[in-house]
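Since the structure comes first, as structure tokens, the remarks are kept for the end.
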Amino acid sequence: MPAIMLDEDLASKVATVAKQLKISNQAVISQAITAYMEKIKQHQPLLSFAGILEESEADNLLETIQQSLVNKNIEFDL
């Protein structure tokens, strides 16, 4: 497997996390990638629409989802 080049800023951040967790730099990167892959799997149902919708339809769908999250009416029984 070819080596991955990291810029100085990212390499420094990885080293800082590795030092704090007392693990190797490679373990930090490996665990971060694994966690990211798990996060992607959680969003898989929405990704099933990928390629089916036209770009404008996809934009409208995402806008509708975002608006429904922002505009939720919350009623309190006080």
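If R0 is 30 Å, what FRET efficiency do you get for ILE40 and THR64 from their C-beta distance, rounded to 0.05? About 0.85, to the nearest 0.05.
Shown in residue order for segment 2-18 are the 3J(HN,Hα) couplings computed by the Karplus curve 6.51 cos²θ - 1.76 cosθ + 1.60 at θ = phi - 60°: x, 6, 9, 8, 10, 6, 4, 5, 5, 4, 5, 5, 4, 5, 5, 5, 4 Hz (x for Gly and Pro).
Here the Karplus relation 6.51 cos²θ - 1.76 cosθ + 1.60, evaluated at θ = phi - 60°, turns the backbone of segment 28-34 into coupling constants of 4, 5, 4, 5, 5, 5, 4 Hz, with x for every Gly and Pro. Stretching the chain fully between ALA32 and LEU6 yields a gain of 7.9 nm (0.36 nm per residue, less the alpha carbon separation).
Taken together, the values in this text are just the output of simple stated rules run on the coordinates, not laboratory data. Source: prediction; values computed, not measured. Positions of Cβ are backbone-derived with ideal geometry, glycine not excepted, and every protein chain shown enters the neighbour counts.
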